[in-house]
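Here's the structure we're looking at; comments come further down.
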Amino acid sequence: MKVLAVIPARGGSKGVPKKNIKLLENYPLISYSIAAAKLSEKIDKVVVTTDSEEIANISLQYDAEVPFLRPAKLATDSATDIDYMIHCLDWLESNENYIPDLVVLLRPTTPLREVKYIDEAIEALMGNDIATSLRSSHIVSESPFKWFSLQKGFYTPICENYDLEDTNKPRQKFPDVYIPNGYVDIIKTDFITKHNSLYGNHILGFITPIGYEVDTSDDFDYLEFKATKKKINLFKYLDKIKENK
């Protein structure tokens, strides 16, 4: 099977300027996702879709392909994932006659990944005929069933199956809840092209370690700490690229 990794990285970022190429442990943020894709045993092509020439040039330095610049209209705050994905797939089919069976979506904002989980996720979706896609998640440490909403100044449970006294129960008394974390998402290409949709209603669950995401400057500070504490194998790839520059 042909497996394409798509790494989306638009130039604009309001929360953290130039977030996708901001340095984390001396490497651009996007380089971590490129390294994860290149180290995968299942992925055969790695494409960065961006509207920024600066991001494109940096991505090329880490051996990703940047065969096109994304149109500006697909790089706005309101542009959706399916918009740039359809554009990418159409371009590759029209210009390279390349049609992947699976698309692995690796967002740069979740940089610290263990590659083995990416390959395990690919195998899981390959072996499932019912699923239209796969999304990674991790179990939440604090159950949302213990949370409140406010109505006329008073707390009320967010789930009608529980009352306020229930919210004081231990987390273990509630069902497990999982939050998507951007560690690895995979979509079957034929589903995308037939339905103009990214995930569908048969999303295979795949549990990973916590995926630490970058949204603010404080997130970078925390990831710097995590990166120094846990030298994952991505650094071997990044160090090698740096030595060869």
Item to check | Among (1) within 16 Å of the chain's Cα centre (by Cα); (2) farther than 25 Å from L23 by Cα; (3) part of a loop (DSSP other than H, G, I, E, B), the one test that T109 misses | outcome: (2)
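Here is a yes/no grid of residues against (1) at pLDDT 95 or above; (2) under 14 Å from S33 (Cα atoms):
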| residue | (1), (2) |
| --- | --- |
| P100 | yes, no |
| T109 | no, yes |
| I118 | yes, yes |
| A124 | yes, no |
| N128 | yes, no |
| R135 | yes, no |
| V140 | no, no |
| F148 | no, no |
Checklist entry - How many residues does segment 198-245 contain that are within 16 Å of Y183 (Cβ to Cβ), assigned to a loop (DSSP other than H, G, I, E, B) and not aliphatic (A, V, I, L, M)? => result 9
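Can you go through I122, I118 and tell me which one is over 13 Å from the mean Cα position of the chain (by Cα), surrounded by 14 or more Cβ atoms within 10 Å (Cβ to Cβ) and in contact (Cβ under 8 Å) with a residue 60 or more places away in the chain?
None of the other options fit; the residue is I122.
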Checklist entry - What is the one condition in (1) out of contact with any helix residue (DSSP H, G or I) (no Cβ under 7 Å at 6 or more places or on another chain); (2) outside any strand (DSSP E or B); (3) loosely packed, with under 15 Cβ neighbours inside 10 Å that I179 does not satisfy? => result (2)
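Picking from A37, A72, which residue would you name as being farther than 17 Å from I186 by Cα and either buried (at least 23 other Cβ atoms within 10 Å of the Cβ) or more than 18 Å from the chain's Cα centre (by Cα) (or both)? Walk me through how you get there before you give the answer.
Numbers: A37 fails: farther than 17 Å from I186 by Cα.
It is A72.
The values are calculated or read from the model by the stated rules, or taken from the named source; none is laboratory data. What you see is a predicted model; the values in this text were computed from it and never measured. Note: ideal-geometry Cβ built from the backbone for every residue, glycine included; neighbour counts use all protein chains shown.
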